[in-house]
Amino acid sequence: MSTTVADTTQPAERQWSPLVGSALLARLAARAAVAEPSETITVEAPFTGERLGEVPKGSSADVSAAVARARDAQREWARWPVAERAELLHRFYDLVTARSREICDLVQLEAGKARRDAFEEVLDVVTKARHNAHIVAACLHPKRRQGAIPLLTRTRELHPPRGVVGIISPWNYPFTLTVGDAIPALVAGNGVVLKPDSLTPYSALWAAEAMAEGGMPEGLFAIVPGSGAELGEALIDAADYITFTGSTATGRIVAAQAASRITDCAMELGGKNPLLVLPDARLGPAVRGATNGICSSAGQLCVSIERVYVHDAVYDTFVPRLAESLRNVRLGAQLDFSVDMGCLIGPDQLAKVTRHVDDAVAKGAEVLAGGRARPDLGPYFYEPTLLAGVTEDMTVCREETFGPVASVYRCASVDEMIARANDSEYGLSSSVWTRDARAGRAVAERLHIGAVNINDAYAAAWASASPMGGFKTSGLGRRHGRAGLLRFTETQTVAHQRIAHIDTPPFLTHGQYAKVLGLTVRVFRHIPWID
Ligand code: NAD
């Protein structure tokens, strides 16, 4: 990504695919909530390094204006019947499924990922739209709660929207991690102002266009592309809730800024996710699962696998099969399902992956598969890589690589596998392979990790309706399911005291009242159905 002083010369007319060309990209760029752009962001196509297009670069004033407009629109939106807000998500679902080829092309072009990974994003987004449309009424419906004085206090728990939600998102899943979080925020009754990563702004702009076509009120869902530090601060200043997805390093800055303003936030951060192959695992599926976990989105997936712990009993069979499977992964830039893996996002990511592998090799690690860039395919292609003999002094041992690189370790026992899997500052996702479901669940209970996939690499937990998020430095808060919707609401308690208010009655002294209460408390001890 580079920024240049506004230059009206748009890239030459070009049709990147039958459905995505300069006209669509210019139309999407015009949707950015930027008033008078003085600068633009040049977006590259990672497959070739060519200039894909230009989007306006927003300023902190644009963020403040977008939040103000979203706040105005939100007041009306919050009054819409919940069923009508949900209906809008159903229309969005229909639009995305009808135009899935276009958005798949766009995601591939701006993120450099394989078709199967782009399709996974589309599937994830439509599933979220449908799921949130179905659960929103039950989530927001007021709930009766136990009152302070049984029968005399009527207490209800309400969930009004936060107001305007600020979303800061990374480049690795430009559709899922932008509109995927906007969906529950919007249907809960909020406005949303989203700052996408400058490397991949188009998918979020496409989502905003589809939402508008579906009937989303003007200004309610705004996209402001631009610098993280500048726009991030303005967004945290103005929004009522922040959801951030990105690196742990940036997450610390964003969380500190949100804390200083007493703004609630969720942090979806980095990982160094382990995969455990137990001695009774079915090795064929485990090899395929590990390959998928290492190579999805070229390893640029927060829940991808970077550490593989294999029980001694199966190490000598499993590891050569995994290495062979990784060597057979088909790399390419085709906008169809004919390849398995795309490329890295750009030069910084290529440099980081190369540095991690070269450092490990220089310090004695063995390359069992891959270990090199593939400039013959495109500027940022890197082969799926498996390393053995990785030791503590190697950067790849503990740091997140965020590329198609995993280290494999031989373990003498399941206890050792669990201890090593837990020995990380991160705790985002994990994968456990065993024929014995009960043993798998027992291992899961001992892992200090937010998501545990038994006999799957990552998708089983991610795609479920159960909350998703990290332990330790992998994050704060949870997305998905009811918790993922309710985080975009405040919790309000409305207690209606009937007959007498809670105070010493005029016919008793404070001491007599205390005695009555003391007696009541002792009696209640024996009435278990009153909490
Ligand atoms: P990043 O932290 O560099 O950037 C993420 C976003 O933050 C971008 O939009 C960026 O512009 C913005 N930003 C940068 N500096 C900022 C600042 N000072 N204030 C506010 N915003 C700022 O992360 P990245 O490299 O784009 O993404 C990769 C990382 O994201 C990896 O560590 C990966 O594990 C993590 N990730 C986590 C999840 C999850 O669900 N836990 C999902 C995807 C990615």
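The values are calculated or read from the model by the stated rules, or taken from the named source; none is laboratory data. If you're wondering where the values come from, they're calculated on a predicted model, not measured in any experiment. All Cβ positions, glycine included, derive from the backbone under ideal geometry; neighbour counts span all protein chains shown.
When both residues are 6+ apart or on different chains and their Cβ atoms are under 7 Å apart, which pairs have a first residue that lies in segment 332-345 and is farther than 19 Å from Leu301 by Cα, and a second that is crowded, with 24+ Cβ neighbours inside 10 Å and not charged (D, E, K, R)?
Leu335/Gln108
Among (1) in a loop (DSSP other than H, G, I, E, B); (2) within 21 Å of Ala298 (Cα to Cα), there is one condition Arg355 misses while meeting the rest; what is its number?
(1)
Output the number of the condition that Thr155 fails; it satisfies all remaining conditions of (1) within 22 Å of Pro56 (Cα to Cα); (2) of a type in the set (Ser, Thr, Tyr); (3) away from the ligand (no atom under 13 Å from the Cβ).
Failing condition for Thr155: (1).
Any chance segment 425-435 includes a residue that's assigned to a loop (DSSP other than H, G, I, E, B), without any contact (Cβ under 8 Å) to a residue 60 or more places away in the chain and more than 16 Å from the ligand (Cβ to nearest atom)?
no
Specify the residue that is nearest to His496 (Cα to Cα); the eligible residues are those in segment 133-148 that are loosely packed, with under 14 Cβ neighbours inside 10 Å and basic (Lys, Arg).
Arg144
Is there a residue in segment 129-148 that is within 16 Å of the ligand (Cβ to nearest atom) and closer than 28 Å to Gly112 by Cβ?
At the first step, the residues of segment 129-148 found to be within 16 Å of the ligand (Cβ to nearest atom) are none.
No, the conditions are met nowhere in segment 129-148.
Report yes if some residue within segment 149-157 is buried (at least 19 other Cβ atoms within 10 Å of the Cβ) and touching a residue at least 12 places away in the same chain (Cβ under 8 Å); otherwise report no. Don't jump to the end; show me each part of the working.
Restricting attention to segment 149-157, the residues satisfying the condition of being buried (at least 19 other Cβ atoms within 10 Å of the Cβ) are none.
Looking for residues that are buried (at least 19 other Cβ atoms within 10 Å of the Cβ) and touching a residue at least 12 places away in the same chain (Cβ under 8 Å), one finds none in segment 149-157, hence no.
Can you tell me which residue is farthest from the chain's Cα centre (by Cα) among those in segment 276-316 that are within 16 Å of the ligand (Cβ to nearest atom) and in a strand (DSSP E or B)?
So, considering only residues that are within 16 Å of the ligand (Cβ to nearest atom) and in a strand (DSSP E or B), the one farthest from the chain's Cα centre (by Cα) is Arg307.
Restricting to segment 245-267, name every residue that is within 9 Å of the ligand (Cβ to nearest atom) and out of contact with any Leu (no Cβ under 8 Å at 6 or more places or on another chain). Quick ask: steps written out before the conclusion?
Here is the first cut: in segment 245-267, the residues within 9 Å of the ligand (Cβ to nearest atom) are 245-251, 253-254, 257, 267.
Selection gives Ala249, Thr250, Ile253, Val254, Gln257.
What about Val443, is it within 26 Å of Lys363 (Cβ to Cβ), in contact (Cβ under 8 Å) with a residue 40 or more places away in the chain and among the hydrophobic types (A, V, I, L, M, F, W, C)?
Working: within 26 Å of Lys363 (Cβ to Cβ): no; in contact (Cβ under 8 Å) with a residue 40 or more places away in the chain: yes; among the hydrophobic types (A, V, I, L, M, F, W, C): yes.
So Val443 does not fit the description; no.
List pairs: first in segment 229-258 and under 27 Å from Gln349 (Cα atoms) and part of a helix (DSSP H, G or I), second within 7 Å of the ligand (Cβ to nearest atom) and among the small types (Gly, Ala, Ser), Cβ under 6 Å, 6+ apart or cross-chain?
Listed by first residue and then by second, the contacts come to Thr248/Gly270.
Within segment 383-402, work out how many residues are touching a Leu at 6+ places or on another chain (Cβ under 6 Å) and either farther than 19 Å from Ser304 by Cβ or not in a loop (DSSP other than H, G, I, E, B) (or both). If you could, list the steps in order and put the result at the bottom.
Taking segment 383-402 first, the residues touching a Leu at 6+ places or on another chain (Cβ under 6 Å) are 384, 386, 388.
Remaining after also requiring either farther than 19 Å from Ser304 by Cβ or not in a loop (DSSP other than H, G, I, E, B) (or both): 386, 388.
Of the residues in segment 383-402, 2 are touching a Leu at 6+ places or on another chain (Cβ under 6 Å) and either farther than 19 Å from Ser304 by Cβ or not in a loop (DSSP other than H, G, I, E, B) (or both).
Any chance segment 174-182 includes a residue that's touching a residue at least 24 places away in the same chain (Cβ under 8 Å), out of contact with any helix residue (DSSP H, G or I) (no Cβ under 7 Å at 6 or more places or on another chain) and within 10 Å of the ligand (Cβ to nearest atom)?
yes
(1) closer than 17 Å to Pro184 by Cβ; (2) crowded, with 18+ Cβ neighbours inside 10 Å: which one isn't true of Arg130, the others all being true?
(2) is the only condition that Arg130 fails.
Residues of segment 464-516 being away from the ligand (no atom under 14 Å from the Cβ), crowded, with 18+ Cβ neighbours inside 10 Å and of a type in the set (Ser, Thr, Tyr), which ones?
Scanning segment 464-516 gives a single hit, Thr489.
Quickly run through segment 346-383 and pick out the residues that are touching an Asp or Glu at 6+ places or on another chain (Cβ under 9 Å) and in contact (Cβ under 8 Å) with a residue 60 or more places away in the chain.
The one that is touching an Asp or Glu at 6+ places or on another chain (Cβ under 9 Å) and in contact (Cβ under 8 Å) with a residue 60 or more places away in the chain: Gly346.
Of the residues that make up segment 148-164, is at least one aliphatic (A, V, I, L, M) and modelled with pLDDT of 95 or more? First the steps, then the outcome.
The first filter runs over segment 148-164 and keeps only residues aliphatic (A, V, I, L, M), leaving 148-149, 151-152, 158, 164.
Subsequent filtering for residues that are modelled with pLDDT of 95 or more retains 158, 164.
Checking segment 148-164: at least one residue is aliphatic (A, V, I, L, M) and modelled with pLDDT of 95 or more.
Going through segment 440-482 one residue at a time, which ones are under 17 Å from Thr245 (Cα atoms) and in a helix (DSSP H, G or I)?
Matches in segment 440-482: Trp462 only.
Taking helices (runs of 4 or more DSSP H) that do not extend beyond segment 55-134, which have at least 3 residues that are charged (D, E, K, R) and within 29 Å of Ser227 (Cβ to Cβ)? Steps first, answer last, please.
Numbers: elements: 60-77, 82-98, 100-111.
By residue number, 60-77, 100-111.
State all residues of segment 184-231 that are within 11 Å of the ligand (Cβ to nearest atom), out of contact with any Lys or Arg (no Cβ under 6 Å at 6 or more places or on another chain) and hydrophobic (A, V, I, L, M, F, W, C); if no residue qualifies, say none.
Listed by number, the residues that qualify are Leu194, Leu199, Ala204, Ala229.
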